[in-house]
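The values are calculated or read from the model by the stated rules, or taken from the named source; none is laboratory data. Note that the structure is a prediction, hence the values are computed from the model and not measured. Note: ideal-geometry Cβ built from the backbone for every residue, glycine included; neighbour counts use all protein chains shown. The protein model used for the area step is the full one, side chains on, heavy atoms only, and it has no ligands, DNA or RNA in it. Shrake-Rupley method; radii C 1.70, N 1.55, O 1.52, S 1.80 Å.
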Amino acid sequence: LFGVLAFHSAGLLFGEAAGRCAGMSRMARSAWPVLRSHLLRLRWRTLAHTLWQQRKFPMYSLPSSFLDALCASLSVPLLIRLYGSSFGGYYALVWKAIAVPTMLVTISIGDTFHSRMAVCARETPSEVRRLFKRTTAALLLLACIPATILLFWGAPLFRFVFGPNWGASGMIAAIIVPWYLAEFVVSPLSRVVLVLSGQEL
């Protein structure tokens, strides 16, 4: 809705944040009685033991997330530095039109996959590999549709949607289709590393 109302990528990000806050507040309300009972019975020794068990999150996951965010944000400045501001502008449009919506979709898919994989790993560990393969195949099939459209009709599509001056952005979108295809499939599936506590790998 915010995107349609011409708030562009900022509107998409705000909508995502608002949706997550609404979901979290509802979850917090239903979970608070259970959390409160645990907090009343909390012992510092138990807390320290749990923190030590989950030490991989600050040791590995935090630097990894920082590097991922840095890599994603460096592409536009690097392209401007290497090829000029006009090329950076063409790529920035591709980023807003494709990467930001794709990122929001993969985050949502990743959250769902994370919860299902956690339940599967806890209750039916023998099904973990099957769930992983099935999700991989589904993501690949889902991503192939927009990837094929961009690969073969990227330039005319961008000219039609954004105007005749933006055909170069469509060509850039076609060139980086393999990158976005891989990102769409790999990003949600990478949650399996957290579920199985394999961050050091």
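Compute the helix-to-body angle for 177-189: its Cα long axis versus the longest principal axis of the chain, expressed 0 to 90° and rounded to tens.
For 177-189 against the chain, the angle is about 10 degrees.
Compute the helix-to-body angle for 44-53: its Cα long axis versus the longest principal axis of the chain, expressed 0 to 90° and rounded to tens.
Tilt of helix 44-53: around 40 degrees.
Normalised by the residues of the range 72-169, what does the relative contact order come to in percent, with Cα pairs under 8 Å and at least six apart?
Rounded, it is 21 percent for the range 72-169.
Obtain the nm distance between the two label points defined at Leu70 and Trp179 by a simple spin-label model: each point lies 7 Å from its Cα along the Cα-to-C-beta direction.
1.8 nm
With the full set of protein chains in place, find how many percent of the accessible area of the range 118-186 is carbon and sulfur; take the probe as 1.4 Å.
The nonpolar share, carbon plus sulfur, comes to 73 percent.
Looking only at Ala174, Ala143, Ala182, which one moves most when the chain is put into a Gaussian network model with springs between Cα atoms under 10 Å?
Taking springs between Cα atoms under 10 Å, the residue moving most is Ala182.
Just the number please: accessible area per residue for the range 52-201, 1.4 Å probe, all protein chains included, in Å².
Ligands and nucleic acids excluded, the result is 64 Å² per residue.
What's the long-distance tail for the range 1-137, i.e. % of Cα pairs beyond 23 Å?
For the range 1-137, the fraction of Cα-Cα distances above 23 Å is 61 percent.
State, as an integer percentage, the relative contact order of the chain based on alpha-carbon contacts under 8 Å between residues 6 or more apart.
23 percent
Can you bin the range 1-71 into rounded, prolate or oblate? Criterion: square roots of the alpha carbon gyration tensor eigenvalues sorted a ≥ b ≥ c, rounded for a/c under 1.5, prolate for a/b above b/c, oblate for the rest.
oblate
Counting only protein heavy atoms and using a 1.4 Å probe, what share of the accessible area of the range 1-67 belongs to carbon plus sulfur, as a whole percent?
71 percent
In nm, give the distance between the simple-model label positions of Trp153 and Leu5, each being 7 Å from the Cα along the Cα-to-Cβ direction.
3.1 nm
Between Ala48 and Ser115, what FRET efficiency comes out of the Förster formula 1/(1 + (r/R0)^6) with R0 = 35 Å and r the beta carbon distance, rounded to 0.05?
About 0.80, to the nearest 0.05.
Please give the length that would be gained between Leu141 and Ser37 if that part of the chain were fully extended, namely 0.36 nm times their separation in residues minus their C-alpha to C-alpha distance (nm, one decimal).
Computed gain between Leu141 and Ser37 is 33.0 nm.
Please determine, in degrees from 0 to 90 and to the nearest 10, the orientation of helix 8-40 with respect to the longest principal axis defined by the Cα atoms of the chain, where the helix direction is its Cα long axis.
On a 0 to 90 degree scale, this one is about 0.
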